[in-house]
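Below: one structure, written as structure tokens.
The values are calculated or read from the model by the stated rules, or taken from the named source; none is laboratory data. Fair warning: this is a prediction, and the values are worked out from it, not measured in the lab. Only protein heavy atoms, including side chains, enter the accessible area calculation; ligands, DNA and RNA are left aside. Shrake-Rupley method; radii C 1.70, N 1.55, O 1.52, S 1.80 Å.
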Amino acid sequence: MPGQPRKTVIVSGGTDGMARETALARLARGDRVTVIGSSEAKGRALLDRAASPDLTFLYGR
């Protein structure tokens, strides 16, 4: 949104479902997003889909 300050957003479980869509929507809005997930493959797929330097994926079990 124009005129809105950029935010840094952390999304847990953001490699699937509503959380993934939330992460992508926040990226589209211009925010910096960190997604935490337990599936390295889904995290890589999300990074490829978004192709944004503002997206970070943290893998943890």
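Got a sec to turn the phi values of segment 13-23 into Karplus ³J(HN,Hα) couplings, 6.51 cos²θ - 1.76 cosθ + 1.60 with θ = phi - 60°, whole Hz, x for Gly and Pro?
After applying 6.51 cos²θ - 1.76 cosθ + 1.60, I find x, x, 9, 8, x, 4, 5, 5, 5, 5, 4 Hz.
Apply the Debye scattering formula to the chain, with a single equal point scatterer on each alpha-carbon and no solvent, then give log10 I(q)/I(0) at q = 0.14, 0.24 Å⁻¹.
Relative scattering, expressed as log10 I(q)/I(0), comes to -0.33, -0.90.
Around T34, which amide H atoms from residues at least 5 apart in sequence, or from another chain, sit under 5 Å from its own amide H, with H modelled in the peptide plane?
For T34, whose amide H was placed from the backbone, the distant partners under 5 Å are V9, I10, V11, T56.
Quick check: at a probe of 1.4 Å, how many percent of the accessible area of the chain sits on carbon and sulfur atoms?
Ligands and nucleic acids excluded, carbon and sulfur reach 54 percent.
For the chain, what does the accessible surface come to per residue with a 1.4 Å probe? Please give it in Å².
I get 67 Å² per residue for this part.
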